[in-house]
Amino acid sequence: MNNKQKILLGMIALVLLAVTAFGLVFGKKVLAYLRTWSEGRNKAVIDYIRDPEAHRDWELPALHQCADAPFALPTSGFIGYFYGDSFTPLKLHTGLDIFGGNPVGVTPIYAPYDGFLTRESDWKSSVIIRIPKDPLDPDRQIWVYMTHLADVDGNPLIDDAFPAGTQEKPVKKGDLIGYQGNYSGYPGSPTGIHLHISIVKDDGEGHYLNELQIGNTIDPSAYFGMQLNTDRVDKNVKKPVCLP
Ligand SMILES: [Zn+2]
């Protein structure tokens, strides 16, 4: 082997090492991203947004509830993205995206469970509901975060009962919270009109954790009584059914 070959071999070894290290650290996220594409999730969302009328059979009604499950579905529509999907490279989806197929400000959003609603003073499009006793694990407190309740420029679509700065206002399952919007967090650059909902862990001291990290959130499947974890969802089913 001459020097040139040795250098080439060394370079190949380095690349393999880098790829392996990347795979070990980010493997699950990369696979989730590839799967979200390959299983047609993105295409289904685009198809639905383009022509909701053609896909009304993909939708679930608001307040839909499965037999022994504690939570009611907070809004009507097509569940386009599940827990653990990945539509942004290296990010796993922390909740559900429910697309209502109506214009901004039309599809109502309701509380999925009894709790105490907080809307921080700088929140234009989000609310979080504290549930002191997790109905599936009463020793712990959990939180339900809901967002995209604002229009493209960040004008809130949240009911007047919950102005910015609301702290711990009691809500009952089925109470109107607001309407689906398309605010992405950046004025003028809309997302698709939908509700994002996630179940967020408590830090053990009465505060919610950062919803953006999947490790701080909980698989919503058992709460809604449907298979909503992308690892176990049947990719051919557009409308999840209640688990037996
Ligand atoms: Zn989402």
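What follows draws every value from the coordinates through simple rules; no lab data is involved. Keep in mind the model is a prediction, meaning the values are calculated, not measured. All Cβ positions, even for glycine, are placed from backbone atoms using ideal geometry, and neighbour counts span all protein chains on display.
Just how far, in whole angstrom, is the range 127-161 from the range 58-107 if you go by their alpha carbon centroids?
What the calculation gives is 14 Å, centre to centre.
If the cut-off is 13 Å between C-alpha atoms, which aspartates and glutamates fall inside it for Lys124, apart from same-chain ones fewer than 8 positions away?
Asp151, Asp153, Asp159, Asp160
What size of dipole, in debye to the nearest 20, comes out for the chain about its Cα centre when the only charges are +1 on Lys and Arg C-beta atoms and -1 on Asp and Glu C-beta atoms? Before the final figure, lay out the partial values.
Values: 23 positive and 28 negative charges, 226 e Å.
My answer is approximately 1080 debye.
If you average the sequence gap of Cα pairs under 8 Å that are 6 or more apart and divide by the length of the chain, what percent do you get for the contact order?
Working: 536 pairs, mean separation 49.0, N = 244.
Here the relative contact order equals 20 percent.
How much length, in nm to one decimal, is gained on full extension between Lys172 and Phe116, taken as 0.36 nm per residue of separation minus their Cα-Cα distance?
19.3 nm
What ranking, highest mean first, results for peptides 218-226, 53-61 when packing means the other Cβ atoms within 10 Å averaged over each residue?
Details: 218-226: 21.6, 53-61: 13.4.
Ranked by mean Cβ neighbours within 10 Å, highest first: 218-226, 53-61.
For the pair His207/Val25, report the inter-label distance in nm, with labels modelled 7 Å from Cα in the Cβ direction.
Rounded to a tenth, the inter-label distance reads 2.8 nm.
If the cut-off is a Cα-Cα distance under 18 Å, which lysines reach Lys43, setting aside same-chain residues fewer than 8 apart in sequence?
By straight Cα distance, Lys43 reaches Lys235, Lys238, Lys239.
Cross-link candidates for Lys91: which lysines have Cα within less than 17 Å, leaving aside residues fewer than 8 places away along the same chain?
Lys28, Lys29
Would you calculate, for the chain, the mean residue ellipticity at 222 nm contributed by helices, counting each DSSP H stretch of 4 or more residues as -39,500 (n - 2.57) and dividing by all residues, to the nearest 500?
Result for the chain, helices only: -7000 deg cm²/dmol.
Computed from the mean reciprocal separation of all distinct C-alpha pairs, what Kirkwood hydrodynamic radius does the range 39-224 have, in Å?
Details: mean 1/r = 0.0607 Å⁻¹.
This gives a value of 16.5 Å.
Charges on Cβ only, +1 for Lys and Arg, -1 for Asp and Glu, centred on the Cα centroid of the chain; of Ser198, Thr20, Tyr113, which one is farthest towards the dipole's positive end?
Projecting each Cα onto the dipole axis, the largest value belongs to Thr20.
May I ask what percent, to the nearest 5, of DSSP beta bridges between residues of the chain are antiparallel? Before the final figure, lay out each step's value.
Values: 37 of 38 bridges.
Roughly 95 percent of the DSSP beta bridges within the chain come out antiparallel.
What are the ³J(HN,Hα) couplings of the range 71-82, residue after residue, when phi is run through the Karplus curve with 6.51, -1.76, 1.60 and θ = phi - 60°? Round to Hz, x for glycine and proline.
Along the range 71-82, the couplings run 9, 9, 5, x, 7, 8, x, 9, 7, x, 10, 9 Hz.
Arrange the peptides 122-130, 141-149 so that the one whose residues have, on average, the most other Cβ atoms within 10 Å appears first.
Working: 122-130: 20.2, 141-149: 23.8.
Most protected by this proxy first, the peptides run 141-149, 122-130.
For the Cα atoms of the chain, what angle does the longest principal axis make with the long axis of helix 41-50, in degrees from 0 to 90, nearest 10?
Once rounded, the angle reads 50 degrees.
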